[in-house]
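Report on the structure given below.
The values are calculated or read from the model by the stated rules, or taken from the named source; none is laboratory data. All values reported here derive from a predicted model rather than from experimental measurement. Here the Cβ positions follow ideal geometry from the backbone for every residue, glycine too, while neighbour counts run over all protein chains shown.
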């Protein structure tokens, strides 16, 4: 129920419609998960291989209610934490990676533009009936 998505600037530039449609589908999936708890718990049951209602209720409450935002912007603070970890110990990546991580800023790795455009267009508000 958690993870990360990544692409590169050339894909975003060459395939903006694909990116937009992907983000729309992601937002629709989040909406479905948050507004259809019974169906979402059935998916969780398969994923976590459990039928225990208490476990499913707690898992839903944690992952969907608490940790899954309506609009999943990347946390710049979270990216900074990763950069700090790389800078602090090479972790097998080498001194050059540590040096570059220490010089980098989260904004170099995150483009909130496509998601912000969907939000500004009213797509999210319409999806949520606002």
Please state which one of 33, 6 is under 20 Å from residue 117 (Cα atoms) and either in contact (Cβ under 8 Å) with a residue 40 or more places away in the chain or within 17 Å of the chain's Cα centre (by Cα) (or both).
6
Taking residue 83, is it touching a residue at least 12 places away in the same chain (Cβ under 8 Å), surrounded by 11 or more Cβ atoms within 10 Å (Cβ to Cβ) and not assigned by TED's automatic domain parsing to the domain that holds residue 45?
yes
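Working only within the stretch 101-126, note down all residues that are outside any loop (DSSP other than H, G, I, E, B) and under 18 Å from the mean Cα position of the chain (by Cα). Steps first, please.
Start the filter on the stretch 101-126 by keeping residues that are outside any loop (DSSP other than H, G, I, E, B), which leaves 101-103, 106-108, 113-120, 123-126.
Within the stretch 101-126, 106, 107, 108, 113, 114, 115, 116, 117, 118, 119, 123, 124 meet the criteria.
Is it the case that the stretch 42-58 has a residue that's touching a residue at least 24 places away in the same chain (Cβ under 8 Å) and in contact with a helix residue (DSSP H, G or I) (Cβ under 8 Å, 6 or more places away or on another chain)? Outline the logic, then answer.
Quick first cut of the stretch 42-58, residues touching a residue at least 24 places away in the same chain (Cβ under 8 Å) only: 44, 47.
Going one step further and asking which of them are in contact with a helix residue (DSSP H, G or I) (Cβ under 8 Å, 6 or more places away or on another chain), we end up with 44.
Within the stretch 42-58 (the criterion being touching a residue at least 24 places away in the same chain (Cβ under 8 Å) and in contact with a helix residue (DSSP H, G or I) (Cβ under 8 Å, 6 or more places away or on another chain)), the answer is yes, since at least one residue qualifies.
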Please list, ordered by residue number, the helices (runs of 4 or more DSSP H) wholly in the stretch 1-89 having 3 or more residues that are under 30 Å from residue 102 (Cα atoms).
9-14, 76-88
Only one of these conditions is not met by residue 50: (1) more than 18 Å from the chain's Cα centre (by Cα); (2) loosely packed, with under 12 Cβ neighbours inside 10 Å; (3) assigned by TED's automatic domain parsing to the domain that holds residue 33. Which number is it?
(2)
